[in-house]
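What follows is a set of notes on a single structure, which appears directly below.
Please treat every number below as a calculation from the coordinates, not as lab data. Computed from a prediction, not measured in an experiment: that's the story for all the values here. Because the Cβ atoms are built from the backbone with ideal geometry, glycine has one as well, and the counts that use them run over all protein chains shown.
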Amino acid sequence: MASKELMTEEGFELLKKKIDDLEQQLKDLRLYKGEEAVHAGDSWHDNPTLYRVEAEERTLMLQITELKEKRSHAEVVSAPQNTDIISLGSKVEIEFSDGNVETYRILSETETNPSEGKISYKSPLGAALMGKKVGDLVSYNIGSGTEVVEIITIS
């Protein structure tokens with residue numbers, strides 16, 4: 001049995017929207033495929049465009065299946081009520097050893113976007129921060145060694 005995938009309500013809604021969008025793309029692609037088959041032949045030997053469309057169709061179907069699997073194992077977690085300890089959904093300000101201060105929101109893999117300050121609770125930094133408090137020094141592995149950060153604020 002696959003493990004539960006923790007996510008916020010926003011993350012779950014985002015996942016549902018991604019599935020809906022991909023299903024609409026698949027529907028549109030299948031309509032195009034039908035039109036292409038009528039106009040240029042229904043064999044990919046005779047119609048290279050049909051071959052490309054069928055490959056794209058398989059890719060979309062695989063993406064939809066993967067996202068539906070993730071959705072079936074989703075466990076929606078409420079927004080954190082306790083800002084004393086970092087948990088899924090927490091916004092955290094941390095100071096790196098070089099003095100650089102960054103703010104991150106700890107979210108599910110579905111919601112991550114590091115350039116927007118959204119990191120996964122399963123990432124090396126996210127996993128190291130989970131359960132920690134303001135003032136804690138936290139170390140985590142990076143490609144070239146270990147980084148140490150100090151937790152400044154939790155909200």
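Structure notes:
- For the chain, alpha-carbon Rg relative to the globular expectation (2.2 N^0.38 Å, N residues): 1.45
- Positive end of the dipole of the range 80-154 (Cβ unit charges, origin at the Cα centre): among ASN82, LEU137, SER97, the Cα lying farthest that way belongs to ASN82.
- Residue (of PRO48, THR65, GLY34) at the positive-pole extreme of the chain, dipole from beta-carbon charges: THR65
- Per-residue ellipticity at 222 nm computed for the chain from its helices equals -14000 deg cm²/dmol, with DSSP H segments shorter than 4 residues left out and the rest contributing -39,500 (n - 2.57).
- Sites THR153 and LYS4, calculated FRET efficiency, Cβ-Cβ separation with R0 22 Å, nearest 0.05: 0.15
- Dimensionless Rg/Rh of the range 80-154 - Kirkwood Rh, Rg from C-alpha atoms: 0.93
- Where trypsin sites (Lys or Arg not before Pro) fall in DSSP loop in the range 104-144, at most 15 other Cβ within 10 Å: LYS122, LYS133
- For the range 80-154, size of Cβ-based charge dipole, Lys and Arg +1, Asp and Glu -1, in debye: 240 debye
- Along the range 88-101 the Karplus relation, 6.51 cos²θ - 1.76 cosθ + 1.60 evaluated at θ = phi - 60°, assigns HN-Hα couplings of 4, x, 5, 9, 10, 9, 10, 10, 7, 4, 8, x, 5, 10 Hz to successive residues, with x for each Gly and Pro.
- Less than 5 angstrom separates the built amide H of GLU5 from those of ALA74, GLU75, all sequence-distant by 5 or more or on a different chain.
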